[in-house]
Amino acid sequence: MQLNLANSTISNYIADLEKRLGMRLCERGRGGFSLTQQGQTVYEATLELLNALDQFSQRLNRSTQGIYGRLHLAFAEHMLGAHNAFVVEALDLFTRRAPEVNIEITTLSSDEVSTALLNKQADIGITVEPQRYHELNAVDLFDEQMLLYCGQQHPLYEQPEADISREALREYRFVESPVCCQAVKYIRICVIGTAMPRHTIRKPGPR
């Protein structure tokens, strides 16, 4: 997951943490980046701590019959713009039912959404899912049609669409989405996560 920070800034943060802990956490420099044995121990202990905090929050939720804590959502970069309406509707409904939950939203590339979920850096994601992971649960939301476009200066611009064959298209270069490299006509948008909510908000209308 990208931090949107300069390498020098990240290095300063790590150095400050190493100073506070009194140990060297990683080897960094021109040779690359690698955790030391102590750094690996701190990393694993941090994951255990974060997991314990999640379990603590879940236990409180069960005892009070309420929903508290944090919900981290990861969206593919184009999702919030193209399909903003149903996302806003789902968030509005959730916040009405669970007003005490703090919602965080991160936009990532399609592949990075799945990676963030697998690394437990996000709770739920909405993205194009090129492959299924057995560690994640997925619910299909809708199919999105993919089309080819050309500008007015292109040789095919004036030709009727019905007259343009696959053979004609192969004569020209085009830019394609990295998640649609198989030249598919439709891509499937999924909501994925390690623990899916009991009620899933679906986009209204036929798929």
Notebook entry, point to check: Which number in (1) farther than 30 Å from residue 146 by Cα; (2) surrounded by fewer than 13 Cβ atoms within 10 Å (Cβ to Cβ) marks the one condition that residue 104 misses?
Noted result: (1)
Check: How many residues are modelled with pLDDT under 80, part of a loop (DSSP other than H, G, I, E, B) and hydrophobic (A, V, I, L, M, F, W, C) when one looks only at segment 61-102?
Finding: 1
Check: Restricting the search to segment 46-60, which residues are of a type in the set (S, T, N, Q) and either at pLDDT 80 or above or part of a strand (DSSP E or B) (or both)?
Finding: 46, 51, 55
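Need at least 1 residues that are modelled with pLDDT of 75 or more, of a type in the set (D, E, K, R) and out of contact with any Leu (no Cβ under 9 Å at 6 or more places or on another chain) per element, so show me which strands (runs of 3 or more DSSP E) inside segment 112-203 make the cut, counting only ones lying wholly within it. Talk me through it step by step, then tell me what you get.
Details: elements: 124-128, 137-145, 186-193.
Strands (runs of 3 or more DSSP E) meeting the threshold: 137-145.
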Checklist line | Near pairs, Cβ below 9 angstrom, 6+ apart or cross-chain, from segment 110-139 (outside the structural domain of residue 76 (by TED's automatic domain parsing)) to any residue that is among the hydroxyl-bearing types (Ser, Thr, Tyr) | finding: none
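The values are calculated or read from the model by the stated rules, or taken from the named source; none is laboratory data. Note that this is a predicted model, so its numbers are computed, not measured. Using ideal geometry, Cβ is built from the backbone for each residue, glycine included, and neighbour counts are taken over all protein chains shown.
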